[in-house]
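The values are calculated or read from the model by the stated rules, or taken from the named source; none is laboratory data. Quantities reported herein were computed from a predicted structural model and do not represent experimental measurements. Cβ sites come from the backbone with ideal geometry, for glycine too, and all protein chains shown count toward neighbours.
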């Protein structure tokens, strides 16, 4: 289940009950914090929010409260059981405009670590970069690229924020679509001279199946943990089924949980 589809109607209903704009965001914050006590948001005013996760904090702006709440609930799933040593290298594929996961991961790996954040939606990427600058975060490299199983230019349904995605149906294009340069992760890491990755967080709207095909060298090397949003549907089936099958064939320990934002976890020593 996409948490946005579950939560947003409730917050919209509450918003209609409290029409004064200055009360809406605090009300939403109270709701999300009660629902998600491990990842909290506080309204600072002037369109800014303070995010508190795992003993650290950072600010987020340029993003509505419901989207921040959605990202925080997803983040709780991505962080489930996760520990990262200072100096670790992380890939955040599908980073989102709020940048909440990107910034949390950047804090976890520290100044000597590195986060590679890929966001194919240009508007979301611009917002992410604004939030990185707002927090003076220097250990994140951002890329306006999508992950796939090879280098290829694909049709991309742009401008839909968190729901922007590759146009799977026969490559059909229409209003709001663009051509997007995609790359396999093995090649991208080779281009950037990154020899090892410790953790991958991924939410790429159904393209996770092809993305896994494009990181065979990385997956076979081991020493890697992954948390992949797997509630998306391909050919009428949620992608966690295909992901679990692939990981088991490669000798990974794998399970799927966090049902409000279904996430598949995999690790190989």
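Filter segment 86-102 down to the residues that are over 11 Å from the mean Cα position of the chain (by Cα) and in contact (Cβ under 8 Å) with a residue 40 or more places away in the chain and list them by number.
The answer is 88, 89, 90.
Return the total of residues in segment 208-235 being over 29 Å from residue 85 (Cβ atoms), touching a residue at least 40 places away in the same chain (Cβ under 8 Å) and touching a strand residue (DSSP E or B) at 6+ places or on another chain (Cβ under 7 Å).
Count: 1.
So, in segment 125-150, how many residues would count as being in contact with a strand residue (DSSP E or B) (Cβ under 7 Å, 6 or more places away or on another chain) and part of a loop (DSSP other than H, G, I, E, B)?
Qualifying residue count for the region: 4.
How many of the residues in segment 220-242 are buried (at least 22 other Cβ atoms within 10 Å of the Cβ) and in a helix (DSSP H, G or I)?
Number satisfying all stated conditions: 0.
Which members of segment 196-206 meet the condition of being under 13 Å from the mean Cα position of the chain (by Cα) and in contact (Cβ under 8 Å) with a residue 60 or more places away in the chain?
Of everything in segment 196-206, those that are under 13 Å from the mean Cα position of the chain (by Cα) and in contact (Cβ under 8 Å) with a residue 60 or more places away in the chain turn out to be 199, 200, 201, 202, 203, 204, 205.
Filter segment 115-124 for residues that are in a helix (DSSP H, G or I) and either over 13 Å from the mean Cα position of the chain (by Cα) or at pLDDT 95 or above (or both) and give the result.
Scanning segment 115-124 gives 122, 123.
Filter the helices (runs of 4 or more DSSP H) completely within segment 20-114 down to those with at least 2 residues that are surrounded by fewer than 20 Cβ atoms within 10 Å (Cβ to Cβ) and out of contact with any helix residue (DSSP H, G or I) (no Cβ under 8 Å at 6 or more places or on another chain).
Ranges flagged: 21-35.
State whether one or more residues within segment 133-141 are under 19 Å from residue 204 (Cβ atoms) and either modelled with pLDDT of 95 or more or buried (at least 18 other Cβ atoms within 10 Å of the Cβ) (or both).
Yes, segment 133-141 has at least one match.
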